[in-house]
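A short worksheet on the structure shown next.
None of the figures in this text is laboratory data; all of them are computed from the coordinates on show. Nothing here was measured: the structure is a model prediction, and the numbers come from that model. Methodologically, a virtual Cβ is constructed for each residue, glycine included, from the backbone with ideal geometry; neighbour enumeration extends over all protein chains shown.
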Amino acid sequence: MFFTVSTAINEATALAAQVKADGHRIFVTTSGPNGGLRILHVSSCPSVVPLDVVPGSEANWVPMTVSDPIPVQILGSSSLDVANIATASLRFGPAAAAPMNTPGFEPTVGDVNGDGFDDLVVYFHADAAGLGPYDQQACLEGQLAGASFKGCDWVSVNQPPVALIFDDPHRGIAPLWVTFDGRASYDPEGGSLLYEWEFDGWAEPASGPTVAQFLPVPGSYEATLTVEDDYGQRRTTTFVAKALDVPEVATLTPSSLAVLATLVLYAGNVLLRRPRCVP
C-alpha cells in the first residue's frame with residue numbers, strides 16, 4: 001500500500017515522499033534535491049477501525065463460557081470500505097477466536113446503523129474468544145487491503161448462572177410428595193433467573209423456583225433444573241429423589257459387629273463393678 005505524505009529533511013527543505021510499508025520497514029522514495037530510496041526501520045502500528053461489540057446494546061453484555069455467538073460490527077465510513085476487509089483474517093478477544101461460518105451466522109455486509117455506509121458484522125463463539133469476568137475491553141484484529149488493523153470496544157462480561165437443587169424430603173416411603181427446590185440457584189451479577197424443570201418422562205415439565213411432585217411407587221425419580229439469566233446464559237443440574245418400599249435398615253458389617261460387641265462387654269463390666277447397697 002502506498003501513501004503520499006510530506007516530510008522534511010531540515011527546516012529549510014520540504015519534499016514529497018512516497019511510502020510503502022513492509023512489516024517493520026518503511027521504504028521511502030523521495031523527490032527533490034536529496035531524492036533517492038531510503039529504508040526506515042520502525043515499529044509499525046495497525047490502523048484503528050471503529051468497532052461496536054453487540055450492536056444495539058448499551059452495556060455490551062457478552063457471555064463468557066458458552067458457545068453463543070457474539071456479534072461484532074465494523075463501522076464503515078467514507079474512509080473505510082468494509083468490502084476490503086479479509087474476513088478470514090479476523091481474530092477476536094484474548095484467545096484470538098476465528099469468525100463463525102455456521103448457517104445464520106456468516107459475516108454479513110450492510111448499512112446496520114443507517115449512516116449510508118456499509119458495515120461488516122461478524123460473529124464469534126463466546127467460549128473461543130477467551131473473555132474473562134474482569135475483562136472490560138474486547139479487541140478485533142485483521143487485514144484491510146493487505147494492511148493490519150485493530151478495533152476495540154468496551155464490554156461487560158456476563159458470567160453464567162449457577163443451578164442448584166434441594167428436595168424435601170430427600171427420601172421416604174412410597175407413595176409420597178417431594179418438593180424440588182431451585183431457590184438456591186443464583187446469578188453472579190445479581191440478576192433474575194428463569195426456572196425450567198424436566199422429570200425424565202415420569203412427570204410433566206414445569207417452571208418456577210419450586211415444584212411439588214408425587215412419587216407413587218418405590219424407585220428413583222430424576223429431576224433436571226435449567227436456569228437462565230437475563231442475557232440468555234443457561235446452566236443445568238440434575239437431582240435424584242428416592243421413594244422406598246420399606247424403611248432402610250442399617251446393615252451390620254463384621255467390623256461394626258466387633259465394635260458393638262466391645263461396647264456391650266464394656267457396659268457389662270461397668271454394671272458388674274457398681275457397688276451394691278448394704279441394707
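Points to keep in mind about this one:
- Of note, Gly191 does not satisfy the criterion of being at positive phi and of a type outside the set (Ser, Thr, Tyr).
- Segment 70-84, residues that are assigned to a strand (DSSP E or B) and under 28 Å from the mean Cα position of the chain (by Cα): Ile70, Pro71, Val72, Gln73, Ile74
- Screening segment 136-175 for residues that are among the β-branched types (Val, Ile, Thr) and assigned to a strand (DSSP E or B) and picking the one that is surrounded by the most Cβ atoms within 10 Å (Cβ to Cβ) gives Val157.
- Note on segment 182-205: among residues that are among the aromatic types (Phe, Trp, Tyr) and assigned to a loop (DSSP other than H, G, I, E, B), the one that is farthest from Pro133 (Cα to Cα) is Trp202.
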